[in-house]
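For reference, the structure is listed below as structure tokens.
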Amino acid sequence: MKMAGKISCFVVLCMVVIAPYAEAFTCGQVQSAALNCLPYLQNRGPLGSCCRVIKGLISSARTTDDRRTACSCLKAATATIKGIDMRKAAGLPGVCGVKSPFKISLSTDCSKYVINLN
């Protein structure tokens, strides 16, 4: 019985470790995270936790599909939300010291203009 308990614990541990990588990268994740950047992008406040969020998003977008999803979602959000300074948005990766797999711009074609960071 002790061996069965150990095996069960190992299986549960593996599920916990693997679960974050099994989920699809969603627009909701991207847009929720990007809300942290709005005060800065709308010239209403400091950078705050925006760089931590941007770094997390970029490191989470591991596949081409993930990067295209992130690109499309950010593009849709910047087109929808009023008052975003697009120069600040485009410069955000540089300000945060990260390399973005795509240019943050309303003119970016997310289906084509996505580079591989590897």
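The values are calculated or read from the model by the stated rules, or taken from the named source; none is laboratory data. Note that the structure is a prediction, hence the values are computed from the model and not measured. Positions of Cβ are generated from backbone atoms using ideal geometry, with glycine treated the same way; all protein chains shown enter the neighbour counts. Ligands, DNA and RNA are stripped out before the accessible areas are found, and what is left, the full protein with its side chains, is counted by its heavy atoms. Shrake-Rupley method; radii C 1.70, N 1.55, O 1.52, S 1.80 Å.
Here are the numbers:
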quantity: Conditions (1) modelled with pLDDT of 85 or more; (2) open to solvent by 30 Å² or more (accessible area, probe 1.4 Å): number failed by I7; calculated: (1)
quantity: Residues of segment 65-98 satisfying the condition of being free of Cβ contacts under 8 Å to residues at least 40 places away in the same chain and more than 15 Å from L38 (Cβ to Cβ); calculated: K75, R87, A90, G91, P93, G94
quantity: Condition check for K82: charged (D, E, K, R) and either in a helix (DSSP H, G or I) or modelled with pLDDT under 85 (or both); calculated: no
quantity: Given (1) at pLDDT 90 or above; (2) buried (at least 16 other Cβ atoms within 10 Å of the Cβ); (3) of a type outside the set (G, A, S), number of the condition R87 does not satisfy; calculated: (2)
quantity: Complete set of residues in segment 90-107 that are surrounded by 19 or more Cβ atoms within 10 Å (Cβ to Cβ), in contact with a Ser or Thr (Cβ under 7 Å, 6 or more places away or on another chain) and of a type in the set (A, V, I, L, M, F, W, C); calculated: F102
quantity: Matching residues, segment 34-58, being open to solvent by 20 Å² or more (accessible area, probe 1.4 Å) and free of Cβ contacts under 8 Å to residues at least 40 places away in the same chain; calculated: L35, N36, P39, R44, G45, P46, G48, S49, R52, G56, L57
quantity: Filter result (at pLDDT 90 or above and in a loop (DSSP other than H, G, I, E, B)) within segment 90-106; calculated: G97, V98
